[in-house]
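*Asks:* Dumping the structure here so I can ask a few things about it.
The values are calculated or read from the model by the stated rules, or taken from the named source; none is laboratory data. Fair warning: this is a prediction, and the values are worked out from it, not measured in the lab. Cβ placement follows ideal geometry from the backbone for every residue including glycine, while neighbour counts extend to all protein chains displayed.
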């Protein structure tokens with residue numbers, strides 16, 4: 001998957017500009033703000049009578065994202081091509097608890113799972129159609145995420161956690177236009193695919209090798225502005 005993603009990035013960045021003289025080219029720097037949804041899935045059970053997180057248990061995370069982007073863009077006629085690096089700070093989280101505590105658990109506590117995503121970043125190519133007032137583009141590339149999953153077992157009063165390095169791909173579409181002068185506005189819809197699975201055996205008392213947690217995907221809708229340098 002990583003080799004295919006990098007091939008896609010390089011192809012998007014290099015091939016469209018091969019043999020083309022740019023009418024307009026330059027670097028840009030800007031920021032973005034948006035909203036994201038993400039998901040964890042998997043199978044986790046405990047050693048007692050309550051099995052609260054059997055498949056298809058899923059956490060649905062949501063929250064705000066904000067960050068910056070830097071890139072290079074060039075046009076030849078109505079053809080836009082370029083590349084972009086971005087970083088987003090994310091505030092995505094969700095938790096779920098069993099309806100009943102384990103039979104031998106002290107007090108009214110319950111088994112709880114929690115998922116968080118703190119960062120998203122990507123290196124993407126952009127290719128699109130530059131109209132007179134609005135540019136429509138597609139984008140794809142390599143993505144990274146910083147994500148964590150934890151579980152609290154009310155019987156043992158123990159908390160275990162998993163960290164995901166979140167290496168995957170990202171693809172999406174966007175619109176871009178002028179705000180006047182060298183300023184540009186944009187709106188983007190991006191899909192991040194990770195599908196990274198970690199063993200959840202250490203999170204529960206039964207050490208069941210079938211327990212597992214999967215960091216699935218992230219969907220982002222974001223708005224931004226950029227300042228263009230160069231022509």
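*Asks:* Considering only region 173-194, state which residues are part of a strand (DSSP E or B) and either within 12 Å of the chain's Cα centre (by Cα) or at positive phi (or both).
*Replies:* Those that are part of a strand (DSSP E or B) and either within 12 Å of the chain's Cα centre (by Cα) or at positive phi (or both): 180, 189, 190, 191, 192, 193, 194.
*Asks:* Can you find a residue that is over 24 Å from the mean Cα position of the chain (by Cα), assigned to a strand (DSSP E or B) and modelled with pLDDT of 95 or more anywhere in region 219-227?
*Replies:* yes
*Asks:* For region 85-103, give me each residue that is at pLDDT below 90, surrounded by fewer than 20 Cβ atoms within 10 Å (Cβ to Cβ) and farther than 10 Å from residue 114 by Cβ.
*Replies:* 98, 99, 100, 103
*Asks:* With respect to residue 34, is the statement that it is at pLDDT 85 or above and either surrounded by 15 or more Cβ atoms within 10 Å (Cβ to Cβ) or under 21 Å from residue 212 (Cβ atoms) (or both) true?
*Replies:* Details: at pLDDT 85 or above: yes; either surrounded by 15 or more Cβ atoms within 10 Å (Cβ to Cβ) or under 21 Å from residue 212 (Cβ atoms) (or both): yes.
Against the criterion (at pLDDT 85 or above and either surrounded by 15 or more Cβ atoms within 10 Å (Cβ to Cβ) or under 21 Å from residue 212 (Cβ atoms) (or both)), residue 34 qualifies.
*Asks:* Just checking, how many residues over region 195-218 are on the phi > 0 side of the Ramachandran plot and at pLDDT below 85?
*Replies:* 1
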